[in-house]
1. Given the Cα-Cα distance of residue 415 and residue 180 and 0.36 nm per residue of separation, how much length would full extension add, in nm?
2. Please calculate the 1.4 Å probe accessible area of residue 427, with all protein chains present, and give it to the nearest 10 Å².
3. Take the alpha carbon atoms of region 54-182, find their radius of gyration, then divide it by 2.2 N^0.38 Å using N residues; give the quotient.
4. Per residue of region 22-32, what does 6.51 cos²θ - 1.76 cosθ + 1.60 with θ = phi - 60° give for ³J(HN,Hα)? Whole Hz please, x for Gly and Pro, Karplus curve as stated.
5. Take the chain, connect every pair of alpha-carbon atoms lying under 10 Å apart with a spring to form a Gaussian network, then pick out the residue of 139, 387, 246 with the largest mean-square fluctuation.
6. Would you look at the GNM of the chain, springs on alpha carbons closer than 10 Å, and say which of 270, 290, 199 moves the most?
7. Taking the chain, how much of its Cα-Cα pair set, in percent, is spaced more than 28 angstrom apart?
8. I need the calculated FRET efficiency for the pair residue 293 and residue 103, taking r as the beta carbon distance and R₀ as 35 Å, to the nearest 0.05.
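The values are calculated or read from the model by the stated rules, or taken from the named source; none is laboratory data. Treat the numbers as computed from the prediction; the structure is a model and nothing was measured. Positions of Cβ are generated from backbone atoms using ideal geometry, with glycine treated the same way; all protein chains shown enter the neighbour counts. These area figures cover heavy atoms from the full protein model, side chains too; ligands, DNA and RNA do not enter into them. Shrake-Rupley method; radii C 1.70, N 1.55, O 1.52, S 1.80 Å.
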Amino acid sequence: MPNKKTRPGGRVFYGWVIIAISFVVLAMGTVTRISFPLFYVPLLDEFGWSRAGTATIVSVSGIIYGISAPIAGTLFDRFGPRKTFPVAALLIGIGALGTSQAQEIWQFYLFFGVIVALGLALIGFSPIVALASNWFVKWRATAVGLSTAGIQGAILLAPLVQLLISNLGWRNAFLVLAGIVPASIVPLSQLLRNRPQDMRLTLDGLDGDQDKEATALNREDSLIVDKEWASTDWTLSRALRTYRFWAIFGIMLGLSTAFNILFTHQVAFMVDIGFTATFAASLFVIFAVMSMIGRFGGLLSDRLGRELTYTIGSLGIVLSILMLILAKDTSDAWMLYVYVICFGLFAGSNAPTYAAATADLFHGRHFGSILGSADTGWGIGATLGPWLGGYIFDTTGSYTTAFIAAIIAISFAGASFWVASPGRVRRVAGRVR
């Protein structure tokens, strides 16, 4: 198990405090974006827009996220979380406030699609992964998995958001989010530190009696397979010239396309086949819990290796989507339960695995900007996925082809992971003999 103490005497290693705070900050930072599928149905009912047009609100968000993610990574590298995260929270709050008053679709594009997305880029997946990677080496995937489980924490809040929508209306629900996001994130962010050296601590919390082990871990000598690659001072420009960077980009593109097809349209799909929006929102809770459990796949990744763990996860996700395709009416509720359980468990396992793989390949002083640039792939997928799902439904009257497209995207991400082959650069700690 991870070493949680800095020295004999019982003090908890502050890196685990960083992980806990990161979880909460990410949960509160992403709840507005994660909850959009719950707002999607009432927006369709009130404004009567096409599904593709309404889903384009999320696509605009994806465009802005993709454009701003590299900049957000660079800002994180330079200024750290105590300065960038409060700005992110204020942007999300302003965006949610503006969305609550929107009357025309262009106003949704501006406030939700642009302003909220800018805030999300500054506080989202890439900065949180960079922060966790700065504090851990031996337990990197585990730490990344626990901190990024904040996304699932946001999903756990979905029933509360649905309750707000049902009782107060979608506009007032956005108003509540506009208040609680900055109020929670701004004070918590001041407890964060970018690196253990800022507090005179060492990576993984190794104490003075373990100087030799700490030195070995800090240099990662025992984990390195490709010494030339590992000794490179990776800047963004150098990373952009490697096929491994573009493979990581491909992983994020494939995952994002699939996830955004599913997350944007699954509530509408379930309502179409006879379920209530409240039932669909309740499935978010199961998904979130299973995904949190799946985050411990980071432990598996640290033991068995990135490639094997990721492949198992991808196969599980494909199985879950097949269950969604097979569901036809309310008698198939069990299929939807299988879908959210498998999707949550295996997607939860894959997230820390590919994030840790990226750190294995490119970690260094410029990791935030490198990961943020690769995260542009996620932004493109977040742009394409919602629109594609809506367009396919508007054209065919069914989501079947859209969900098949999600399977293809997941398969593309899996193939890209093997191209990246992080195990050829660094072994995981559990593989060192």
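1. In short, 80.6 nm is gained.
2. My reading of the accessible area for residue 427 is about 100 Å².
3. Dividing the Cα radius of gyration by 2.2 N^0.38 Å gives 1.12.
4. Result, rounded to whole Hz: 4, 4, 5, 4, 5, 4, 6, x, 9, 4, 5.
5. In this elastic network of the chain, the residue with the biggest mean-square fluctuation among 139, 387, 246 is 246.
6. 199
7. When every Cα pair of the chain is considered, 45 percent fall beyond 28 Å.
8. 0.25
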